[in-house]
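Colleague: Below are the structure tokens for one structure; questions will follow.
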Ligand SMILES: [Zn+2]
């Protein structure tokens, strides 16, 4: 066992010694249509029976993805904004759901997005909004329930919100450096830190991936993680199961 992975084994031993089971979940962003990269993700997660929640871009998806997912019973679908279009100015961080456009326009897009995704994917849908770039104008959040959303998923620690939050907290990608996988030992260290928070009542481990840009190092990291967690009694859950355990605000 090299480097960081031993720390993960040790932490999971601590959970099992305490008679507890750690929850993990997996969110993968930016799906719109079937691709070889999506096949690889679905095959890998399928091999380990890991439920994968695809955040799908409503404006650019269609029947082809629905047909592909019909052969992937472990795939769930959430709503990834509307068109993944940036409306912020050049100096700002990218946002589709920011304060740059009239609220009604943005809310209408989100309602349409949920409608498109529900029509295409039926029972596979989790009525959960995944804002593109993990950003949403805080003023829009109280309106999501009336549009039919039951949850919101961004990145980072939980915050008080008028809707249930199922956040991701471990991002495998090195967006600002190599644009490939981050260092495996660093990722394992973050997972162990999140497990310690979860042990004390914090959020489960929420792994965030982006299949369209995965390099070999991401795939080997995921495979190793699935191997280790399958041998250590971790539960990979769907957001639906996690939501069921959260109080409604
Ligand atoms: Zn995205």
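Throughout, read-outs are computed from the coordinates displayed, never taken from laboratory work. What you are looking at is a predicted structure, and each value in this text was computed from that prediction instead of being measured. Quick reminder, even Gly has a Cβ in these numbers, built from the backbone with ideal geometry, and neighbours come from all protein chains shown.
Colleague: Using the alpha-carbon atoms, what tilt in degrees (0 to 90, nearest 10) does helix 103-121 show relative to the longest principal axis of the chain?
Modeller: Approximately 60 degrees, to the nearest 10.
Colleague: Taking 7 Å along the Cα-to-C-beta vector as the label spot, tell me the residue 175-residue 200 distance in nanometres, rounded to one decimal.
Modeller: Here the modelled spin labels are 2.7 nm apart.
Colleague: Roughly what % of DSSP beta bridges within the range 4-242 run antiparallel, to the nearest 5? All intermediate terms of the calculation are to be shown ahead of the outcome.
Modeller: Numbers: 1 of 28 bridges.
Beta bridges within the range 4-242, antiparallel portion: roughly 5 percent.
Colleague: Please rank 155, 226, fewest neighbouring Cβ atoms within 10 Å first, as an exposure proxy. Could you put the intermediate results ahead of the total?
Modeller: Working: 155 17, 226 20.
Exposure proxy ranking, most exposed first: 155, 226.
Colleague: While we're on this one: Once you have the Cα-Cα distance between residue 244 and residue 73, take 0.36 nm times their residue separation minus that, and quote the gain in nm to one decimal.
Modeller: Here the answer is 59.6 nm.
Colleague: How big is the equivalent ellipsoid of the chain along its three axes, where each semi-axis is √(5λ) from the Cα gyration tensor, reported in whole Å from largest to smallest? Each step should come with its number before you reach the end.
Modeller: Numbers: eigenvalues 168, 80, 67 Å².
Semi-axes from the Cα gyration tensor: 29, 20, 18 Å.
Colleague: Then there's this: Starting from the Cα of residue 48, move 7 Å in the Cα-to-Cβ direction to define the label point; list residues of the range 186-213 whose amide nitrogen is under 18 Å from there.
Modeller: Under 18 Å, as judged by backbone N against the label point of residue 48, lie 186-196, 204-213 of the range 186-213.
Colleague: Once you have the Cα-Cα distance between residue 91 and residue 119, take 0.36 nm times their residue separation minus that, and quote the gain in nm to one decimal.
Modeller: Values: separation 28, 0.36 × 28 = 10.08 nm, distance 3.70 nm.
Gain on stretching residue 91 to residue 119: 6.4 nm.
Colleague: Specify the angular offset, from 0 to 90 degrees and rounded to the nearest 10, of the alpha carbon long axis of helix 36-47 from the longest principal axis of the alpha carbons in the chain.
Modeller: That helix lies at roughly 50 degrees to the long axis.
Colleague: To continue, here is another question. Could you give the angle, 0 to 90 degrees to the nearest 10, between helix 184-199's Cα long axis and the longest principal axis of the Cα atoms of the chain?
Modeller: 80 degrees
Colleague: Counting pairs of Cα atoms in the range 1-96, how many percent are more than 16 Å apart?
Modeller: Values: 3043 of 4560 pairs.
Within the range 1-96, distances greater than 16 Å cover 67 percent of Cα pairs.
Colleague: Between residue 217 and residue 100, what is the label-to-label distance in nm when each label sits 7 Å out along the Cα-to-Cβ direction?
Modeller: Result: 3.1 nm between the two label points.
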